[in-house]
Each structure stands twice: as structure tokens, then as C-alpha cells.
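See below for the structure under consideration.
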Amino acid sequence: MALIRRKRTKASESSQTTNQSSQTEKIKTVKSKLGNKKVVIDDIQFDSILESRYYQYLKDLRDHKEIDHFELQPEFILIQPYEKYGKKYRATKYIADFKIYRSDKETDFYLVDTKGFITADFAIKRKLFDSKYPDIELYLITYDSVTQEWCTLEELDKRRKQSKKDKAKTK
């Protein structure tokens, strides 16, 4: 199954090498507007290290038949293009990081967006997305460095709040 390639493939300035699953992959990094480092793996540019690590995780799940396949950057139209007072407006799109197909059903899929935090821009797009596509599951995934596992952003927030409460009780 061929993967959808990212549209952005600029060459990066700095590079580092990582050894993952007994094969060496070249990783290039560049800083983005949110302070994330853009990373290139398998000739695909990712917007953050977190997103690139989740891509590697998905490849592992696919290889172990835990998921059927996945696509990169699926697009969803939130607002159609329109014209008002003679001015043309482009469509407003939401582009998820990954579209993941479950191994038990070909047509059953869900979306994943890797996030360290929620921006105001994303919060609005999430509401528009949920309104227009109520039947599509969208998960915000992050990596919990304490438990060293992938979890939803909501789960991580709950863990952090509980940890704060526990620390306050011990004082």
C-alpha cells in the first residue's frame, strides 16, 4: 500500500542520524513557527519531532498487523470557497496528521493529530470539524514521557492535574 507523500519537501539545514528497528534512517530538522523542529524521515517532512515519532510508531503497528494501513495528511473541507462583495475566499480546510485504517475493517478509520498543546486556531477548527463530520473519530495524541507511552492529550492533562493534587497533599 503506497503512502500519501507530504506536499512540503524542503531540504533541511541540520541533520542527525537515528537507529530505529535495526535500520539507520537520516533525520533532518528545521525550526517552525510554533517552535517545533520540522523533521524529514523516509523523504517525508513532518511538522514536529512528535509527529515523526508517531509515524514511526504507526509503521511498527502496520508491520505487526495491528492496523491495516495509514495515510498522511488527509484533508477535510470545513468551509467551501465562496465570494462576497466581489472578493473570493478560499476553502477552509482541516488537515489531520494521520488517517488510520483498522485491520479488522477496510472502511473503518479514525484520525489522529499529534499535539503538545491546543492552539486557539486548532480549537476553532476542531469545533468546525466535529460539526461537519460528527461520525469521524478524531484523537489528539501526545507522548507521555513519564509513563513512556502514547496517550490522548486529554488523558495526559488528567494525569498532570492528578499529579499536581498528589504533590499538594504531600506538602
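The values are calculated or read from the model by the stated rules, or taken from the named source; none is laboratory data. All figures in this text were calculated on a predicted structure; none of them were measured in a lab. Ideal geometry is used to build each Cβ from the backbone, glycine not excepted, and the neighbour counts take in all protein chains shown. Ligands, DNA and RNA are stripped out before the accessible areas are found, and what is left, the full protein with its side chains, is counted by its heavy atoms. Shrake-Rupley method; radii C 1.70, N 1.55, O 1.52, S 1.80 Å.
Pairs to check: Lys38/Lys115; Lys115/Lys165; Lys93/Lys125; Lys99/Lys158; Lys93/Lys127. Give those whose C-alpha atoms are more than 18 Å from each other in this structure.
Numbers: Lys38/Lys115 14 Å; Lys115/Lys165 24 Å; Lys93/Lys125 8 Å; Lys99/Lys158 26 Å; Lys93/Lys127 13 Å.
Going by Cα-Cα distance, Lys115/Lys165; Lys99/Lys158 fall outside the 18 Å limit.
Projecting label points 7 angstrom from Cα along Cα→Cβ for Ile136 and Tyr110 puts them 1.5 nm apart. Relative contact order for region 46-171: 18 percent, from Cα pairs under 8 Å spaced at least 6 residues apart, divided by residue count. Every Cα-Cα pair in region 71-171 was counted, and those over 24 Å apart are 40% of them.
At a 1.4 Å probe radius, which order do Tyr55, Tyr143 fall into by accessible area, largest first?
Working: Tyr55 5, Tyr143 90 Å².
Order by accessible area, largest first: Tyr143, Tyr55.
As a rough guide to protection, the peptides 123-129, 95-101 ranked by mean Cβ packing within 10 Å, highest first, stand as 95-101, 123-129. For Lys167, a cut-off of 16 angstrom between C-alpha atoms picks up these aspartates and glutamates, skipping any fewer than 8 places away in its own chain: Asp157.
Kirkwood hydrodynamic radius, region 38-83, all distinct C-alpha pairs: what's the number in Å?
Numbers: mean 1/r = 0.0799 Å⁻¹.
Final number for the Kirkwood radius of region 38-83 is 12.5 Å.
So, taking all protein chains as they sit and a 1.4 Å probe, how much accessible area belongs to Asp166, in Å² rounded to tens? Accessible area, nearest 10 Å²: 70 Å².
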